[in-house]
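These notes concern the structure reproduced below.
The values are calculated or read from the model by the stated rules, or taken from the named source; none is laboratory data. Values in this document were obtained by computation on a predicted structure and should not be read as measured data. Cβ sites come from the backbone with ideal geometry, for glycine too, and all protein chains shown count toward neighbours. Areas reflect the complete protein model, heavy atoms only, side chains present, ligands, DNA and RNA absent. Shrake-Rupley method; radii C 1.70, N 1.55, O 1.52, S 1.80 Å.
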Amino acid sequence: MSPSKTEETYTAAAAGTWNLGDLTVNRLGFGAMRLTGSAAFDLGTTPSDRDRSIRVLRRAIELGVDHIDTAAFYFSSLRSANELINRALAPYPDDLVIATKVWAGRDPSGAWWWATPDQLRGQVEENLRQLGRDHLDVVNLRVPPSRRSGSISEHFGALADLRDAGLIRHLGLSNATPEHLTEAQAIAPVVCVQNAYGIGAPAQEQDFLRACGEQGIAYVPFFAIAGAGREAGASATDSDEVLAVARAHGVTPAQVRLAWTLRQGPHVLAIPGTGNPDHLVENVAAGALRLSDDEAAAVTPET
C-alpha cells in the first residue's frame, strides 16, 4: 500500500496497534512539541496560530490518532501544548491516551531546570492541571544528559509512589539506557521507552529497541523524521536511497522515514509532530506505507 495525496485518506489504524500496559493504542500517534510556535523551546519565535493548532489536534482524532505525546515544558511565549490539547479535545475520547514527561522543566523565561525527586509531584500536578485530568495515562521519566551513566532510582521511585497514589496509570522512560530500564523495572513496571531513533541510529540503540521488543515494552522513537536535526526539524537533504523509495511510492521522504521506523518491530510506535494540517494527513498516511525488504535495506545506512 502506497499512500499519496491523490488517494483516499488513511487513518492511524493502518499502522496496527500495541499495548501500553492495559491501554491499546494505534502505533501511529502524535507529538505535541511543534504545536506551540515556529521553533521548539524558543520564546523569541513566532507563536503558532491557536485556531490552527486546535484544528490539527481535532483532525488527528478524526484520523484515528489515540496516542498523544506532550509535556508541560512544551510552550512558547503565548502557547502551551497541554492547554491546546485541553481546549481542543476535552471532554476527552474514552480511548485517548495522553503521555507526558517529567524531571525536565522550564521556568517562565524558558530556562531549563531539573526536578528533585520531591519536586516530581509538582510537575505531575502541573500536567494534570493544564490537561484538565484527574490522572495521567503515561508519565515518562525524562532522563537528563548528565545522568546517562548515573542512577535514576530515587526519581523513578518517586514516580512509582505517585502511581500507587492514583495520579499516574503507567510509567515509562525517556532518553534512557538499558541500564536505566533494568534499574527502573526493579522498582515498578515500565510500559514504554521513548528515545531518539530513526534512519541512521547507532547500533547500540538498535540493540536497545530489539531488547524492548523481547520484553514486550513499547519503543517510542522521537525525531524519527528530524533525525540529526532534532528540535530544529528535518533538513532539506535526504539520502538518494530515501528519495528513490519516496519516488517509487509517490510519497514524501518524511513518510518513508516514518514507515521505516514502524517497520523496526510491532512494538515500535511513532509520534510525529506538526502544526500543519496537510503534514498531519501525510504523517498518518505513512502508517499504511509498506516498504519491501529491499527498500528497507537500501535506506538503512551500514553501521
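With a 10 Å cut-off between alpha carbons and a GNM built on the chain, which of 53, 109, 80 moves the most?
109
Going by amide H atoms built from the backbone, whose H comes under 5 Å of the H on residue 16, apart from near neighbours?
So residue 16 has HN proximity to 27.
Can you tell me which of 116-129, 24-37, 209-222 comes out highest on packing, and rank the rest after it, using the mean Cβ neighbours within 10 Å?
The peptides rank, most packed first, as 24-37, 209-222, 116-129.
Residue 241 to residue 111: FRET efficiency via 1/(1 + (r/R0)^6), r the Cβ-Cβ distance, R0 51 Å, to the nearest 0.05?
0.80
Taking the chain as a Gaussian network, Cα atoms linked when under 10 Å apart, which of 245, 65, 138 shows the biggest mean-square fluctuation?
Residue with maximal mean-square fluctuation among 245, 65, 138: 245.
Computed FRET efficiency, Cβ-Cβ of residue 77 and residue 148, R0 22 Å: what is it to the nearest 0.05?
About 0.10, to the nearest 0.05.
Quick one: net charge around residue 123, please, counting Lys, Arg +1 and Asp, Glu -1 for every other residue with C-beta under 15 Å from its C-beta.
That works out to +1.
Say each of residue 188 and residue 215 gets a label point 7 Å from the Cα, pointing the same way as Cα to Cβ; how far apart are those two points in nm?
1.6 nm
Can you give the % of DSSP beta bridges in the stretch 77-235 that are antiparallel, to the nearest 5?
Roughly 15 percent of the DSSP beta bridges within the stretch 77-235 come out antiparallel.
Provide the percentage of antiparallel DSSP beta bridges, counting only those with both residues in the chain; round to the nearest 5.
Roughly 25 percent of the beta bridges in the chain run antiparallel, per DSSP.
Where the accessible area of the chain is counted over protein heavy atoms with a 1.4 Å probe, how much of it, in %, is carbon and sulfur?
Exposed carbon and sulfur together represent 48 percent of the surface.
So between residue 41 and residue 207, what do we pick up on full extension, going 0.36 nm a residue minus the alpha carbon distance?
Stretched out fully, the residue 41 to residue 207 stretch lengthens by 56.7 nm.
Give me the net charge of residue 58's neighbourhood, meaning all other residues with Cβ under 12 Å from the Cβ of residue 58; Lys, Arg count +1, Asp, Glu -1.
+2
Based on the Cβ-Cβ distance from residue 52 to residue 300, what FRET efficiency comes out when R0 is 35 Å, to the nearest 0.05?
After rounding, the FRET efficiency stands at 0.50.
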